[in-house]
1. Quick check on my filter: what residues within the range 233-257 are crowded, with 16+ Cβ neighbours inside 10 Å, assigned to a loop (DSSP other than H, G, I, E, B) and free of Cβ contacts under 8 Å to residues at least 60 places away in the same chain?
2. Name every residue in the range 6-24 that is modelled with pLDDT of 90 or more and either closer than 16 Å to residue 79 by Cα or in a loop (DSSP other than H, G, I, E, B) (or both), in order of residue number.
3. Within the bounds of the range 132-143, is there any residue that is under 30 Å from residue 71 (Cα atoms), buried (at least 21 other Cβ atoms within 10 Å of the Cβ), within 18 Å of the chain's Cα centre (by Cα) and at pLDDT below 95?
4. Report, by residue number, each residue of the range 309-330 that is within 20 Å of residue 357 (Cβ to Cβ) and in contact with a helix residue (DSSP H, G or I) (Cβ under 6 Å, 6 or more places away or on another chain).
5. Look through 76, 55, 117 and report the one residue that is under 25 Å from residue 134 (Cβ atoms), at pLDDT below 90 and assigned to a loop (DSSP other than H, G, I, E, B).
6. Among the helices (runs of 4 or more DSSP H) confined wholly to the range 156-222, which include 1 or more residues that are over 18 Å from residue 121 (Cβ atoms) and modelled with pLDDT of 90 or more?
7. Which condition number in (1) over 27 Å from residue 231 (Cβ atoms); (2) in contact (Cβ under 8 Å) with a residue 60 or more places away in the chain; (3) crowded, with 19+ Cβ neighbours inside 10 Å is the one that residue 119 fails?
């Protein structure tokens, strides 16, 4: 039996599946106080406690201890960190069992309450850094989700506990996350990590990279968050996918319209061109934001970046020291692209071909696919007339949407 009738009664209800959330919330502090009163939670240490109805049932004792520990952790308090400090070995040995029990409780709480009382972020405020990964298993959450939750709530102390010990890795991860949110300036995390011109330059690189991926939908779950600045409520909850507010795409694109864009671009031109225009796997992409991609492409070129520079650095992945590519290679590369890539780079190539006459373009088209691509970009009838019959038929079919 438990030393408390209230804990014993709730344990019996829990085993029958007949427990209610209000009782769990009430009993959890009693379990916490009892757990903290114990000195040894190893099997040899707690088998002598009055937990066994019969000495022949030691596993019953282990189940009760697991129940009490899970319940103590389920409603985090200012003393949650003491539990991990005092009983770390037990937590480490039984972390996944505890996590399974808390997950079970969390599923019921998520259904029964508007805001779950299992606020994982609150628990980690008082857990030491060396216990973070064990605590993540106990709370059945991924360490990266903990980091994200701390970031969204601008909890610098917890956020720092989730970072790698290598300072460069920690800084790179953080700058990428800062670049993913709308208006991060003024947050504690921003002020802690963005202190130099180099930090600002790296942050701008990450912002441009993230915008490219958000535009094309390669992977958007971690892009476009809004920092929570209101009253705190639990968002990292065992058994529930964390959902954060996201900023619409249009405000995120305002970076291309700011007067400072051209200056920042020319201070780091090669990296920024490659960050936005790099080639990716078409299978991961969607084309819903094609118009916005064209707007962003024009912003680069209106800021003074030549289309041949974009083609050389990004499409062909060359360095700034290499000579810019000529028309045959540039058009050959475009013709070899899939339709999604052709749509993404179309604005750049249209600007590029505007500097050539139709006769010059025709002279450098050596394959049917190149003629077809040149006509698709320009709509020029002279180029169409220079194509063979098969290419003309294909072009006419494309014009008609066939």
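1. Of everything in the range 233-257, nothing turns out to be crowded, with 16+ Cβ neighbours inside 10 Å, assigned to a loop (DSSP other than H, G, I, E, B) and free of Cβ contacts under 8 Å to residues at least 60 places away in the same chain.
2. Of everything in the range 6-24, nothing turns out to be modelled with pLDDT of 90 or more and either closer than 16 Å to residue 79 by Cα or in a loop (DSSP other than H, G, I, E, B) (or both).
3. Scanning the range 132-143, I find at least one residue that is under 30 Å from residue 71 (Cα atoms), buried (at least 21 other Cβ atoms within 10 Å of the Cβ), within 18 Å of the chain's Cα centre (by Cα) and at pLDDT below 95, so the answer is yes.
4. Just the residues of the range 309-330 that are within 20 Å of residue 357 (Cβ to Cβ), to begin with: 311, 324-330.
311, 324, 325, 327, 328, 330 - these are the residues of the range 309-330 that are within 20 Å of residue 357 (Cβ to Cβ) and in contact with a helix residue (DSSP H, G or I) (Cβ under 6 Å, 6 or more places away or on another chain).
5. Values: 76 fails: at pLDDT below 90; 55 fails: under 25 Å from residue 134 (Cβ atoms).
Going through 76, 55, 117 in turn, just one is under 25 Å from residue 134 (Cβ atoms), at pLDDT below 90 and assigned to a loop (DSSP other than H, G, I, E, B): 117.
6. On the way: elements: 156-161, 167-178, 188-193, 197-216.
Per the criteria, 167-178, 188-193, 197-216.
7. For residue 119, the exception is condition (1).
The values are calculated or read from the model by the stated rules, or taken from the named source; none is laboratory data. Just so we're clear, the structure is a prediction, and the values are computed from it rather than from any experiment. Here the Cβ is made from the backbone with ideal geometry for all residues, glycine too, and neighbour counts use every protein chain on show.
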